[in-house]
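Here's the structure we're looking at; comments come further down.
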Ligand SMILES: C[S@@+](CC[C@H](N)C(=O)[O-])C[C@H]1O[C@@H](n2cnc3c(N)ncnc32)[C@H](O)[C@@H]1O
């Protein structure tokens, strides 16, 4: 487990630490070793039969063919089981420390010069959040168990610290660190004044933008109150001035032309298909001319081999991610154009992991980075991960 680098860190019992270490190692084993075995089983035993008549199997053909096979069943059973263990591991510690989490957040809220937290009690949380325990997380993002509750934020971050077995970096913010640095590296003249992160959850990747562009005003929005409370406390505990506000990304309460960057990470695949055009149109509206919209996401199905696409779709079948496959089926270029951007301003990148490579190797990798999804590591949670992102610049630049 990655130890959290701030005051909201839980004090685990000896047994909890052992369990967290076990689950983390199990996740790595499943997502690296067993995933490789599923691929080998497919390539050696299944693919020759599927392609015998010169046919190109699709993701669903692959799913049907693998469903009864031992390698796939073992992988899936352990992946679901380890996911369940994650929550069972972190939840008792979070519940035990609820009082301390609430009082720490309260104390941090009085620290001067740090960001704001704005909640809107009348805001309706979409049923896509409130009615679905996304990725099998009991309570989803928004359930509140007491006054000033932070439970689901704490569950989310502690779960991340175990489930990602180090690939999200020491502060769990490798996506934000890698992508914000990538933007600065590739566009040295671009100096955003206002940055918005949509669906920020606990603000870990939001804060990375503040690290990379310290002069900018950085704001994260989300619909889930306990996550926002946790995000604000986390940022304050780490000394970052980031503002958090409860808001629906489909209906942003900002005037036109308010931001130079509109970012999101791992967000769009949790939005129902009908909401995606609204989120992108809102991003377009609130961007200033010359601004950049960028969404880190799973690579689209249309840019991967059928096997790699099927592999990513696993969550849509077995991890309670009901909106995942419909989003991955979309063509990012088309949805970006439909939101109002000029199709010629479409941009996509495969960004190397900053925390995995370190500054020098990372810079060299960025210099060579291609926009195409050539590697099976892109978007696949496992060692060597790279981050796919897509978006567009708003004209005139
Ligand atoms: C997978 S999490 C995002 C993770 C986070 N951005 C990261 O980098 O790890 C999805 C988040 O989107 C939020 N969300 C879902 N629908 C939303 C909407 N319409 N507007 C704002 N936030 C929303 C959820 O509450 C949840 O916190």
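General observations
- For the range 229-257 versus the range 25-70, the gap between their alpha-carbon centres in whole angstrom: 41
- Residue among 161, 364, 339 with the largest mean-square fluctuation in a Gaussian network model of the chain, springs linking Cα atoms under 10 Å: 364
- The antiparallel fraction among DSSP beta bridges confined to the chain stands at about 35%.
- The ranking of 297, 47, 56 from fewest to most other beta carbons within 10 Å of each one's beta carbon is 56, 47, 297.
- Residue exposure sequence - 298, 117, 280 - by fewest surrounding Cβ within 10 Å: 117, 298, 280
- Computed [θ] at 222 nm, helices only, for the chain once each DSSP H run of length n ≥ 4 contributes -39500 (n - 2.57): -13000 deg cm²/dmol
- Extended-chain gain in nm, criterion 0.36 nm per residue less alpha-carbon gap, residue 70 and residue 288: 73.2 nm
- With neighbours defined as other Cβ atoms within 10 Å of a residue's Cβ, the residues 26, 101, 55 order from fewest to most as 55, 26, 101.
- Take the Cα of residue 110, step 7 Å toward its Cβ, do the same at residue 36, and the gap between the two points is 5.4 nm.
- Virtual spin-label span in nm between residue 88 and residue 124, 7 Å along Cα→Cβ: 3.8
- With only the Cα atoms considered, the range 1-48 has a convex hull volume of 76 Å³ per residue.
- Relative contact order computed over the chain (Cα-Cα under 8 Å; 6+ residues apart), in percent: 18
- Shape call, the range 51-152: gyration tensor on alpha carbons, a/c limit 1.5: prolate
- Both radii come from the Cα set of the range 125-227: Rg as radius of gyration, Rh as Kirkwood radius; their ratio Rg/Rh reads 1.02.
- Kirkwood hydrodynamic radius over Cα pairs of the chain, then Stokes diffusion coefficient at 25 °C and 0.890 mPa s, in µm²/s: 113
- Shape of the range 167-212, Cα gyration tensor, a/c cut at 1.5: oblate
- In the range 324-397, the inverse of the mean reciprocal separation of distinct Cα atoms equals 13.8 Å; this is its Kirkwood hydrodynamic radius.
- When you count the other C-beta atoms within 10 angstrom of each residue and take the mean per peptide, 119-129, 237-247 line up highest first as 237-247, 119-129.
- Using the Cβ-Cβ distance between residue 98 and residue 251 with R0 = 51 Å, the FRET efficiency computed as 1/(1 + (r/R0)^6) comes to roughly 0.95.
- The range 92-174 - percent relative contact order, Cα under 8 Å, separation 6 or more: 27
Bear in mind that the values in this text are calculations on the coordinates, not laboratory data. It should be emphasised that the depicted structure is a prediction, and the values quoted were computed from it without experimental measurement. Backbone-built Cβ (ideal geometry, glycine too); neighbour counts: all protein chains shown.
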